[in-house]
Each structure stands twice: as structure tokens, then as C-alpha cells.
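Visitor: First the structure, which I've put down as C-alpha cells, then a few questions once you've had a look.
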Amino acid sequence: MIVERRSASSVVVFPRQRRKEGRNRCLFTGHLAHDEGRFSVACTIRNLSPSGARIRLAGMAPLPKAAFMLLVRHATVYEADVRWMRDLDAGLSFRARHSLHGGKGPELEQLRRIWQTRAQQ
């Protein structure tokens, strides 16, 4: 908890951030996918750090506890845990990162197809 005294009679209390590092504001195109890429929803990546992201979904969709976040611009997929969700916004923490240029596996194959479709738009 961070306490800031503004005057003799006024004190403002800010909650302590839980994340280990700051996130950089951005506006990247992304997709959130699960079930080996069979389900995906478009999203905008609003801020990003090496350990997580804040995203905004293109529409209401139920999210699982774990998903893949596709960062279209960088051809990168993050294995992520959904930490919170409010309306269309969600917070993710990353467990692993994969390049779509060299990664292998059934999940990455489907995500690679989604990436190829989105990268051409």
C-alpha cells in the first residue's frame, strides 16, 4: 500500500501493484485462442510486458482459465493464464512464448493458420 499525504487533513491511499514489472502501453492486433486453436476471439493488446498483458476482446466471449494469446505483428504466441476479466477487458500472465516461424505442435499449427489469415489483412 502506498500512502500519499496531500495536506495535514488529507491522505490518499493507493493499492500496491501486484505485477513484478511495469507494462508498456501499446495498441497491437491479437487473438485469444484455446482448445488447440479451435476457438478464437479477436482482441486488442492494450499494454504488454514480458510477463503479461492487458487485452480488450472484440466481443463478449467466455474465457477459460488458460489460453493462447497471438500477437499478430510479431508472429508470437504466448501461453497465458487469465487472471481477471471485467466486461471486455482481461488481464493475462504469461507462462511461455513461442515463435510462429519455428515452433511445432498441434496448437501452434492452428494458431499459425489464424496468424497467416490476419497478417494478410
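Visitor: Determine whether Leu100 is buried (at least 17 other Cβ atoms within 10 Å of the Cβ) and in contact (Cβ under 8 Å) with a residue 40 or more places away in the chain. Steps first, please.
Guide: Working: buried (at least 17 other Cβ atoms within 10 Å of the Cβ): yes; in contact (Cβ under 8 Å) with a residue 40 or more places away in the chain: no.
Criteria not met by Leu100.
Visitor: If you don't mind, there's one more thing I want to ask. Answer yes or no: is there a residue in segment 64-85 that is surrounded by fewer than 16 Cβ atoms within 10 Å (Cβ to Cβ), in contact (Cβ under 8 Å) with a residue 24 or more places away in the chain, among the acidic types (Asp, Glu) and out of contact with any Pro (no Cβ under 8 Å at 6 or more places or on another chain).
Guide: Within segment 64-85 (the criterion being surrounded by fewer than 16 Cβ atoms within 10 Å (Cβ to Cβ), in contact (Cβ under 8 Å) with a residue 24 or more places away in the chain, among the acidic types (Asp, Glu) and out of contact with any Pro (no Cβ under 8 Å at 6 or more places or on another chain)), the answer is no, since none of the residues qualifies.
Visitor: I'm trying to understand the selection: among the residues of segment 89-120, which are among the aromatic types (Phe, Trp, Tyr) and either within 16 Å of Ala66 (Cβ to Cβ) or modelled with pLDDT under 85 (or both)? Steps first, please.
Guide: Keep residues of segment 89-120 that are among the aromatic types (Phe, Trp, Tyr), which gives 94, 115.
Passing the criteria: only Phe94.
Visitor: Let me ask something additional. Determine which member of the set Arg5, Arg86, Arg25, Arg38 is under 16 Å from the mean Cα position of the chain (by Cα) and either closer than 27 Å to Gln110 by Cα or modelled with pLDDT under 90 (or both).
Guide: On the way: Arg5 fails: under 16 Å from the mean Cα position of the chain (by Cα); Arg86 fails: either closer than 27 Å to Gln110 by Cα or modelled with pLDDT under 90 (or both); Arg38 fails: under 16 Å from the mean Cα position of the chain (by Cα).
Exactly one of Arg5, Arg86, Arg25, Arg38 is under 16 Å from the mean Cα position of the chain (by Cα) and either closer than 27 Å to Gln110 by Cα or modelled with pLDDT under 90 (or both), namely Arg25.
Visitor: Sticking with this structure for a sec: Given (1) over 14 Å from Phe28 (Cα atoms); (2) touching a residue at least 40 places away in the same chain (Cβ under 8 Å); (3) over 12 Å from the mean Cα position of the chain (by Cα), identify the lone condition not met by Phe94.
Guide: So the condition that Phe94 fails would be (3).
Visitor: Hey, another quick one. Would you mind stating whether Ala119 is touching a Cys at 6+ places or on another chain (Cβ under 7 Å), of a type outside the set (Phe, Trp, Tyr) and surrounded by fewer than 17 Cβ atoms within 10 Å (Cβ to Cβ)? Break it down into steps so the answer makes sense when it comes.
Guide: On the way: touching a Cys at 6+ places or on another chain (Cβ under 7 Å): no; of a type outside the set (Phe, Trp, Tyr): yes; surrounded by fewer than 17 Cβ atoms within 10 Å (Cβ to Cβ): yes.
No.
Visitor: So Thr44 clears everything in (1) surrounded by fewer than 18 Cβ atoms within 10 Å (Cβ to Cβ); (2) in contact with a Gly (Cβ under 6 Å, 6 or more places away or on another chain); (3) of a type outside the set (A, V, I, L, M, F, W, C) except one condition, right? Which one?
Guide: Only one criterion in (1) surrounded by fewer than 18 Cβ atoms within 10 Å (Cβ to Cβ); (2) in contact with a Gly (Cβ under 6 Å, 6 or more places away or on another chain); (3) of a type outside the set (A, V, I, L, M, F, W, C) is unmet by Thr44, namely (2).
The values are calculated or read from the model by the stated rules, or taken from the named source; none is laboratory data. In this text the structure is predicted, and so the values were computed from the model without any measurement. Note: ideal-geometry Cβ built from the backbone for every residue, glycine included; neighbour counts use all protein chains shown.
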